[in-house]
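Down below is the structure, laid out as structure tokens.
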Amino acid sequence: MSHVLSKRHSERHRIDAIGWLRAAVLGANDGIVSTASLLLGVTAAQIAHESIVLTGIAGLVAGAMSMATGEYVSVHSQADGEKAALEQERAEIDSDFHGEQRELTAIYMRRGLDHQMASLVAEKLMAHDALGAHARDELGISEMTMANPLQAALVSALSFAVGAALPLGVVLLAPAAMLMPAIVISALCSLAFLGGVAAKTAGAKISDGVIRVTFWSSLAMTATTGIGSLFGAVI
């Protein structure tokens, strides 16, 4: 029995880790794509190397802050919605406890329990933690899923910065004559790896994830390179 409980405990932690890994992979993917595309655009415009580096640094900082801000606002809105829903549910429990218990019973019956068992489960859970039971089983809110704005903002900013640091590092290390192909190759290889990781964590086919992310990322980099070449020619 203890072995089974230990196994379930470790499995729950793996699920939590997969959720954060997926968010980190998406942030890093965005950092690579946007920064590599930006650097390719300014490189194609044939500006000075120092200006290319400065552009990459500015893109990294601005992108990380933008990701953090957007994620914070989005997740905070979700948290506000969850808080409002919980307050409404608390008021309904206070005003009509038995009605809410019948509602919980109906939920368990829809999930496959007979009326007697569903009624017993609802009664026990309501006695233990009425709001928690309704939050989890009626609203779909639990401690594992509740929004954390600061945590989401920090993870998004850090993962974006890590991803953006790759093409920026290539600009700092690669010879000027090989700068564009070095950015493209390093970015696509990294994106293919991240696409495979994202697909694996989602249980999808790895090759589909790799092809999808490299295809759309190639389009983004091609577009910014074309724009940079156009404006470089005009200048």
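The values are calculated or read from the model by the stated rules, or taken from the named source; none is laboratory data. Computed from a predicted model, the values in this text were never measured in an experiment. Cβ coordinates were reconstructed from backbone atoms using ideal geometry, including for glycine residues, and neighbour counts include every protein chain displayed. Note: areas computed on protein heavy atoms with side chains; ligands, DNA, RNA excluded. Shrake-Rupley method; radii C 1.70, N 1.55, O 1.52, S 1.80 Å.
Out of SER34, SER6, report the one residue that is open to solvent by 60 Å² or more (accessible area, probe 1.4 Å) and either at pLDDT below 95 or under 24 Å from SER218 (Cβ atoms) (or both).
Values: SER34 fails: open to solvent by 60 Å² or more (accessible area, probe 1.4 Å).
The match here is SER6.
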Check whether at least one residue in region 133-156 is among the acidic types (Asp, Glu) and either under 30 Å from CYS189 (Cβ atoms) or surrounded by 14 or more Cβ atoms within 10 Å (Cβ to Cβ) (or both), and report yes or no.
yes
Scan region 158-188 for residues that are touching a Gly at 6+ places or on another chain (Cβ under 8 Å) and buried (at least 22 other Cβ atoms within 10 Å of the Cβ) and jot them down.
SER159, PHE160, GLY163, ALA164, PRO167, LEU168, VAL171
Being modelled with pLDDT of 85 or more, of a type in the set (D, E, K, R) and assigned to a helix (DSSP H, G or I) is the filter here, so list the residues in region 105-148 that pass it.
ARG110, GLU123, LYS124
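Criterion first (part of a helix (DSSP H, G or I), farther than 30 Å from PRO149 by Cβ and open to solvent by 30 Å² or more (accessible area, probe 1.4 Å)) does ARG102 satisfy it?
Values: part of a helix (DSSP H, G or I): yes; farther than 30 Å from PRO149 by Cβ: yes; open to solvent by 30 Å² or more (accessible area, probe 1.4 Å): yes.
Yes.
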Of all residues in region 149-181, which are in contact with a helix residue (DSSP H, G or I) (Cβ under 7 Å, 6 or more places away or on another chain) and either without any contact (Cβ under 8 Å) to a residue 12 or more places away in the chain or outside any helix (DSSP H, G or I) (or both)?
ALA174
